[in-house]
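Since the structure comes first, as structure tokens, the remarks are kept for the end.
The values are calculated or read from the model by the stated rules, or taken from the named source; none is laboratory data. In this text, all values refer to a predicted model and were calculated from it rather than measured experimentally. Here Cβ is always computed from backbone atoms with ideal geometry, including for glycine, and neighbour counts include all displayed protein chains. Side chains are part of the model used for accessible areas, which takes the heavy atoms of the whole protein and leaves out ligands, DNA and RNA. Shrake-Rupley method; radii C 1.70, N 1.55, O 1.52, S 1.80 Å.
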Amino acid sequence: DTAVSQTPKYLVTQMGNDKSIKCEQNLGHDTMYWYKQDSKKFLKIMFSYNNKELIINETVPNRFSPKSPDKAHLNLHINSLELGDSAVYFCASSQAHSGQYEQYFGPGTRLTVT
Amino acid sequence: RKEVEQDPGPFNVPEGATVAFNCTYSNSASQSFFWYRQDCRKEPKLLMSVYSSGNEDGRFTAQLNRASQYISLLIRDSKLSDSATYLCVVIPTGGFKTIFGAGTRLFVKA
């Protein structure tokens, strides 16, 4: 069973479009995250959610809107896509609220904006 | 100064070699530390947690020096399969923010 899953794995779209990426974890974790890994391979946190509540928003443009319908899901919606949004987006989860900060990552979504 | 700094490498070593990676962090209030491994076009995977007392997992040894704000990872008897990027991770007080280093690339050659 996949612990953290993301869909789609690949996403190719044009500038100006709106797209969503979905994430689900079956680890029973209370905290979920979105990360962006750019072409230079630098991994940067975008958002952190704990029990469906936004905890961290790392100065991400408001074109990016995360939504957590429940503890096991954290989706990412991106409006008006730009060329600079091309990257790999990783979802992760942990039991941070209980002091267990080890994070487990999904396989990533490779977004290409043309 | 970056919050977490790593030597980017690449480190090119023969099989069987011992290799050490270092990482420094700027926030003295940081509370948790990890090493992750990332293979090409894959997700980061947890390698090990890092404690002040040092911890070992097979060929891997991690160490934390809070006074110097320094984390290390030692790999003994390198295998071809150890070739990957090694990421240092620091979690500041509060526990919800995560800071990744830029990674150190390791190539192990036969």
> One-quarter of the Cα convex hull surface for segment B:30-110, in nm²?
Replying inline: 5.8
> Tell me, what % of the accessible area of chain A is carbon and sulfur with a 1.4 angstrom probe?
Replying inline: 48
> Here are some pairs, A:K9/B:K2; A:K19/A:K52; A:K52/B:K97; A:K36/B:K97; which of them have Cα atoms lying more than 25 Å apart in this structure?
Replying inline: A:K9/B:K2
> Ranked highest first by average number of other Cβ atoms within 10 Å, how do B:51-63, B:17-29, A:20-32 line up?
Replying inline: A:20-32, B:17-29, B:51-63
> When every alpha-carbon pair in chain A is counted, what percent end up more than 20 Å apart?
Replying inline: 35
>> Restricting to Cα atoms and excluding each atom paired with itself, what does the Kirkwood estimate give for segment B:1-75 in Å?
In response: 13.4
>> Tell me the Rg and the Dmax, in Å, that the Cα atoms of segment A:68-114 produce.
In response: 13.6, 42
> What net charge is computed for the residues neighbouring B:R41, neighbours being all others with C-beta under 12 Å from the C-beta of B:R41, Lys and Arg scored +1, Asp and Glu -1?
Replying inline: +2
> Alpha carbon centre of segment B:31-72 versus segment A:91-114: separation in Å?
Replying inline: 18
> Shape of the protein assembly as shown from its Cα gyration tensor (a ≥ b ≥ c, root eigenvalues): rounded if a/c is under 1.5, otherwise prolate when a/b > b/c, or oblate?
Replying inline: prolate
